[in-house]
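FYI, it's all coordinate maths here, none of it is from the lab. If you're wondering where the values come from, they're calculated on a predicted model, not measured in any experiment. Cβ atoms come from the backbone with ideal geometry, glycine included; neighbour counts cover every protein chain shown.
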Amino acid sequence: MKAFFRHIALFTKQIFQDEHGIYSSKRFTGIICVLALVISLLGNTFYPKSIQPSSALVDAVALFAFGALGLTSIDKFVKSRK
């Protein structure tokens, strides 16, 4: 059981790192936005419409997540000039 949790911890650590092993703030913010969207959508299924967040706010967080994770993907394909 310890090996399973060690594997989960290693996987979680690697999610936030780029291909060189450096932590990426774009990945961190993108994953936090995705988690916020999932929690918001799950919460909206159980609560009345009067306390749901505005659709503009949800769209903004979704676009921010798409932008952060999309920029992380683009960085892998674009060669940096050094």
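For the reader, a short list of remarks on this structure follows.
- Selection status of Val78, out of contact with any Asp or Glu (no Cβ under 9 Å at 6 or more places or on another chain), in contact (Cβ under 8 Å) with a residue 24 or more places away in the chain and β-branched (Val, Ile, Thr): no
- Pairs, first hydroxyl-bearing (Ser, Thr, Tyr) in the stretch 33-59, second surrounded by 10 or more Cβ atoms within 10 Å (Cβ to Cβ) and part of a helix (DSSP H, G or I), C-beta under 9 Å, six or more apart: Ser40/Leu57; Ser40/Val58; Ser40/Val61
- Taking the criterion of being of a type in the set (S, T, N, Q), under 21 Å from Ile74 (Cβ atoms) and surrounded by 14 or more Cβ atoms within 10 Å (Cβ to Cβ), the residues of the stretch 14-61 that qualify are Ser24, Thr29.
- Selection status of Leu69, within 17 Å of the chain's Cα centre (by Cα), in a helix (DSSP H, G or I), of a type in the set (A, V, I, L, M) and surrounded by fewer than 14 Cβ atoms within 10 Å (Cβ to Cβ): no
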